[in-house]
1. Would the stretch 99-113 turn up any residue that is acidic (Asp, Glu) and modelled with pLDDT of 95 or more?
2. Inspect the stretch 103-118 for any residue being of a type in the set (A, V, I, L, M), under 22 Å from the mean Cα position of the chain (by Cα) and either open to solvent by 40 Å² or more (accessible area, probe 1.4 Å) or over 24 Å from Thr190 (Cα atoms) (or both) and give the result as yes or no.
3. If you go through the stretch 36-70 one residue at a time, how many are touching a strand residue (DSSP E or B) at 6+ places or on another chain (Cβ under 7 Å), of a type outside the set (D, E, K, R) and either part of a strand (DSSP E or B) or in contact (Cβ under 8 Å) with a residue 24 or more places away in the chain (or both)?
4. Considering (1) open to solvent by less than 10 Å² (accessible area, probe 1.4 Å); (2) modelled with pLDDT of 95 or more, say which one Ala178 fails and leave the rest.
5. Mind listing just one residue for me: the one in the stretch 19-52 that is within 13 Å of the chain's Cα centre (by Cα) and surrounded by fewer than 17 Cβ atoms within 10 Å (Cβ to Cβ) and, of those, nearest to Ala73 (Cα to Cα)?
6. I want to confirm something. Restricting to the stretch 181-201 and keeping residues that are among the hydrophobic types (A, V, I, L, M, F, W, C) and modelled with pLDDT under 95, which single residue is most open to solvent (accessible area, probe 1.4 Å)?
7. Of the conditions (1) open to solvent by less than 30 Å² (accessible area, probe 1.4 Å); (2) at pLDDT 95 or above; (3) on the phi < 0 side of the Ramachandran plot, Gly90 satisfies every one except a single condition; which number is it?
8. Collect the residues in the stretch 1-18 that are assigned to a helix (DSSP H, G or I) and open to solvent by 60 Å² or more (accessible area, probe 1.4 Å), keeping them in residue-number order.
Amino acid sequence: MQRIRIRYAKRGPLRFTSHRDFARAFERALRRAGVPIAFSQGFTPHPKISYASAAPTGVASEAEYLEIGLQAAVDPAALRAALDAALSPGLDVLDAVVAGPGSLAERIQASRWRVELPGVSPDTLRVAVDKFRTAQEVPVERLTKQGRRTFDTRSAVISIDVIDENETPSEVTGVPCAILGLVVRQVTPTVRPDDVLSGLRVVADLEPLAPPRATRLAQGTLTAQAEIVDPLDADRDGAAIAEH
């Protein structure tokens, strides 16, 4: 059985696609593209698809990952093109590689985020970010599957900055819009951008005038310099070594 690892994006209005809806759309795309997907054994066989750290509904992403098992070997580039054509625009397949040793999930150690905050000026955001940075801990409360939980957001945040950009933020006009940059470590429970915004509300009473818009820019292995390495790079490097 061949295993293929895939990177895909959720863009524009398709960011509101739930994980369950995406899973259905992806299975339909596999059928349309004629992908020889492998199935599990038992009374209710299901396609061999595993997802790694899917983004929450309403969050855009340039770096979502999944792995599929196939009954027959395929060319990853041809598979990427066929699946991208079979999915709706906004659900875009960006990359596909043959899986090497190890687990994809183990390579997801951190995520990089860009969060637009309508109605918040960059100077106001800088004050809030400084307070968040200097806090020893920033507890917030969230409803989870296990009920309401209080957890520290500060310890999961590796870096937090105000992004200075000349470009106009997406879908924002007529009001100031500060942009927050985050690198967040993968922990349990997962600390999401909205949790960090709750933390900024706790430490600085920061409150955007309109719903923030978050985009996951990257996720993967975390280096000592707080950089994030694409988890598919290890598979590509392994293939290059094997060819030699």
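1. So far as the stretch 99-113 goes, no, none of its residues is acidic (Asp, Glu) and modelled with pLDDT of 95 or more.
2. Within the stretch 103-118, one or more residues are of a type in the set (A, V, I, L, M), under 22 Å from the mean Cα position of the chain (by Cα) and either open to solvent by 40 Å² or more (accessible area, probe 1.4 Å) or over 24 Å from Thr190 (Cα atoms) (or both).
3. 21
4. Only one criterion in (1) open to solvent by less than 10 Å² (accessible area, probe 1.4 Å); (2) modelled with pLDDT of 95 or more is unmet by Ala178, namely (2).
5. Only one residue fits best here, namely Tyr51.
6. Selected residue: Val187.
7. (3)
8. Those that are assigned to a helix (DSSP H, G or I) and open to solvent by 60 Å² or more (accessible area, probe 1.4 Å): Pro13, Phe16.
The values are calculated or read from the model by the stated rules, or taken from the named source; none is laboratory data. Treat the numbers as computed from the prediction; the structure is a model and nothing was measured. Neighbour counts are summed over all protein chains in view; Cβ atoms, including those assigned to glycine, are modelled from backbone coordinates with ideal geometry. For accessibility, only protein heavy atoms count, side chains too; no ligands or nucleic acids. Shrake-Rupley method; radii C 1.70, N 1.55, O 1.52, S 1.80 Å.
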